[in-house]
Every structure is written in structure tokens, then in C-alpha cells.
Amino acid sequence: MFAPNQILKTAAPDFLKDLDLTDDELLYLLDLAAEVKASPGDYAHALDGKNVGMLFEKPSLRTKLTFELAMKQMGGGSVFLEGPIGVREPLKDVARNLDRWVDGLVARVFLQTTVDGLAEWSRVPVINALSDLYHPCQALADVQTIREHFGVSRLNGLKLTFIGDGNNVAQSLMLTGLRLGMDFALACPEGYLPNPEIVTQAEGLAAITGARLLITHDTAAAAAGAHAVYTDVWASMGQEQEAVERKRAFRRYQVNDTLFAQARPDAVFMHCLPAKRDEEVTDSIMEHPRSVVFDQAENRLHAQKALLLMMLT
Ligand code: CP
Ligand code: NVA
């Protein structure tokens, strides 16, 4: 179906946020991810001789290893550096060193402006591997997982519910889910709403696709009729000093047996991981037969292979 030497190249120079891909590119990427997952050997030389530079300001298990493996399994390579970007020398110099050596950059940053700045100054594609605003690579793997689980290519008519912080993961899922036609509900405590500009964009996408968007403080209203119930940690990386206050604010926003029972009987449980058991999710839900958290983790590899193919070939 996809000739490894004839992959559609994205029109976007970088993948800094979910909406950098067009709807058609996103659908193509998801089909390609499924193909790459089914026949990985067909792509064993697709990135021969290509290398990415990975700049991570924060820790990672899944993102780091799946990008490194994705490059290696397609004939390419990666170099990794962990630490603050733009402190030892200006970001614009870092970007213009790296683009002399590598074919693409993958950056995990505190501030979206850092990954945007790398893209502005480097001549090679830059991929956002998590920022304060977005986690777009995670959202790709998540919608791949939902498509697989429900056996559909279009997601219209499915409802995705996010319980917890209106954070980077929630914001990317909201944009990516709604543009694929999924209803999206988010239940969060007061003071932890998603970014208003991203909500405005999400409302625009919902108006186009006809999907419904609900942002509420009421977990039962959000969970009702959900095909997928998703959560993430209450305190993200960099918010550790707010952990105590957040534990108090989020105590009613735990995905446990009672909450999960309010979703559809065939609903799946999703989490980007790492998870904090007995905070945002109980062990019973993490280990539930309908928990697909490790499918999500696996699909990080396949979705990112598709993304790399579309950006680097
Ligand atoms: N979900 C995710 O991005 O995991 P890591 O922080 O381990 O990369
Ligand atoms: N919201 C979390 C996601 C980790 C993958 C964080 O930013 O730490």
C-alpha cells in the first residue's frame, strides 16, 4: 500500500504542535503507522544514513527510547543530549550547530518557545517531544490505539474523556481527537482548565467536524457515554513543588472503579505514562482488562516511525 521510497512528505517544515499536520496528512500518517507496525521489515532501510539529534530538558522513558529505536530500525541513528537548552550557549547557536550534523531534531522542552526557537534557527525539521503546551507525538500514538481497538479508521461518533489536569497531554488530545471527529470531554478542578487559546482552536475544530466539546468540573458528566477514559499525572514534570497543593485540588479526579463504571461498558482506559498509582488512577484500573496503556506505549514507536518517514525522507 505504501512504497517505502514514495512516502508523502509533510508540507509542514516542523512538527511543533498537533495542527502543524493537515487533516489529510494526519490520516495518511495513521494509515502509514498501521502499515509500518504490520510490516516493519519493509522499512528497514527507509532512513539509511539519516540521523536525528535528540535534545531533552526533561527525563523520558518512552519518548527517548521509541525515537532512538525508530531511527535504528529504519537504518538511521540518533544522538542524545539531556540538559537545559540555550543556557551554556544561545539557542540560536545550538540550532545552527546541530543542523550541520543531523537531518532532524527531536526536542523535549519546558517552554514551547524553546522548540519554536529551535525550528526558527535550524534548517532541519524539528519535532516537539513534549512542551508545556503540547505532547503531539503522544496524541498520534493515542489515536492510533483508539482506531485499532475499535477497528475503525474514522473516529466520528466515539467519545474520548480526559479526567484531570488540562495539561499538555490533554491539550494535544483535544485538538487531535476533535479534528478526527471524536467527541471530547474534559473534567478538571477549578483553576486547572486548558489554555484558553487552545480551547478556542478546539471549538473551531469541533464546529468543522460536528464533534462535541465539553469542558466541565463534573467527572460523571464527562465520563457518561465515553469510549475511552484518559488521565495523566496531577503534577507534570517541572510542577513537583506544587504536588501537595495539586493532590488536594485533584482528589475527586481519580480514575477508579466507580468513575470507570460511569463510562460505556466497552470503554478502554488510557494513560500516557508514567502513572502514579493511587493518585490519578488506581491499580485496579491500570491493570484492568480494558486498560490499553501498554498498547499506547507500543504505538509510540510505530506512530513516530510514520512521522519520521514523513519528515525526513
Ligand atoms: N508518555 C511519555 O511521553 O513518556 P516519557 O515521559 O517516558 O517519554
Ligand atoms: N503531563 C506530563 C506528561 C508526561 C509524559 C508531563 O508533562 O510531565
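What follows is calculated from the coordinates using simple rules that are stated; it is not laboratory data. These numbers come from a predicted model, not from an experiment. All Cβ positions, even for glycine, are placed from backbone atoms using ideal geometry, and neighbour counts span all protein chains on display.
Using amide H atoms built in the peptide plane, which far-off residues or other-chain residues are under 5 Å from A44 H to H?
Result for A44 returns nothing.
If contacts are Cα pairs under 8 angstrom and at least 6 residues apart, what is the relative contact order of the chain in percent?
20
Please report, to one decimal in angstroms, the Kirkwood hydrodynamic radius of segment 54-134 built from all distinct Cα-Cα pairs.
When all Cα pairs of segment 54-134 are included, the Kirkwood radius is 12.7 Å.
Regarding segment 113-260, what are the three Cα extents along the principal axes, ordered largest first, in Å?
Ordered largest first, segment 113-260 gives principal extents of 50, 41, 26 Å.
Based on the mean of other beta carbon atoms within 10 Å per residue, what is the order of 46-52, 129-135, most packed first?
129-135, 46-52
For segment 195-240, compute Rg over Rh where Rg is the Cα radius of gyration and Rh is the Kirkwood radius from the inverse mean 1/r over Cα pairs.
That ratio equals 1.03.
Straight-line reach from K64: which lysines have a Cα under 26 Å away, not including same-chain ones fewer than 8 places off?
The qualifying lysines are K9, K17, K37, K50, K72, K92, K276, K305.
So what does log10 I(q)/I(0) come out to for segment 1-151 at q = 0.22 Å⁻¹, using the Debye formula with one equal point on every Cα and no solvent?
Here the Debye-derived log intensity ratios amount to -1.65.
Based on Cα coordinates alone, diagonalise the gyration tensor for the chain, multiply each eigenvalue by 5, take square roots, and list the semi-axes in whole Å, largest first.
31, 23, 17
Mind listing the long-range amide H neighbours of V106? Cut-off is under 5 Å, sequence gap 5 or more, other chains count too, H placed in the peptide plane at 1.01 Å from N.
Those lying under 5 Å, H to H, from V106 are G53, M54, L55, I127.
With springs only between Cα atoms under 10 Å apart, run a GNM on the chain and tell me which of R300, R248, R179 wobbles the most.
Highest fluctuation of the listed residues: R248.
When the Karplus curve 6.51 cos²θ - 1.76 cosθ + 1.60 is applied with θ = phi - 60°, which whole-Hz ³J(HN,Hα) does each residue of segment 216-225 get, with x for Gly and Pro?
So the J values, rounded to whole Hz, are 8, 9, 9, 5, 5, 5, 5, 6, 4, x.
For A185, enumerate residues with amide H under 5 Å from its amide H, sequence gap 5+ or separate chain, H modeled in the peptide plane.
Result for A185 returns L160, T161, F162, L214.
From the phi of every residue in segment 292-307, what ³J(HN,Hα) in whole Hz does the Karplus formula 6.51 cos²θ - 1.76 cosθ + 1.60 yield, where θ is phi - 60° and glycine or proline is x?
With the stated coefficients, segment 292-307 comes to 10, 4, 7, 5, 4, 4, 4, 5, 3, 4, 6, 5, 6, 4, 4, 4 Hz.
In what sequence, highest mean first, do 59-69, 180-190 appear when ranked by Cβ atoms within 10 angstrom?
Packing proxy ranking, top to bottom: 180-190, 59-69.
Taking 0.36 nm per residue of separation and subtracting the Cα-Cα distance, what length does fully extending A207 through L273 add?
Separation in residues times 0.36 nm, less the Cα-Cα distance, equals 20.7 nm.
Quick one: if you take sqrt(5λ) for each eigenvalue of the C-alpha gyration tensor of segment 85-173, what semi-axes come out, biggest first, whole angstrom?
32, 16, 8
With each run of n ≥ 4 DSSP H residues scored as -39500 (n - 2.57), what mean residue ellipticity at 222 nm is computed for the chain after dividing by its residue count and rounding to the nearest 500 deg cm²/dmol?
Taken over the chain, the calculation gives -12000 deg cm²/dmol.
Kindly write out, for segment 258-264 in residue order, the coupling ³J(HN,Hα) from the Karplus curve 6.51 cos²θ - 1.76 cosθ + 1.60 (θ = phi - 60°), rounded to whole Hz, with x marking Gly and Pro.
Per-residue couplings from phi come out as 5, 5, 5, 5, 7, 7, 5 Hz.
Between N97 and D257, what is the FRET efficiency for a Förster distance of 41 Å, r being their Cβ-Cβ separation, to the nearest 0.05?
0.20
I need two numbers for segment 189-292: Rg to one decimal and Dmax as a whole number, Cα atoms only, in Å.
Cα only, segment 189-292: 14.5, 40 Å (Rg, Dmax).
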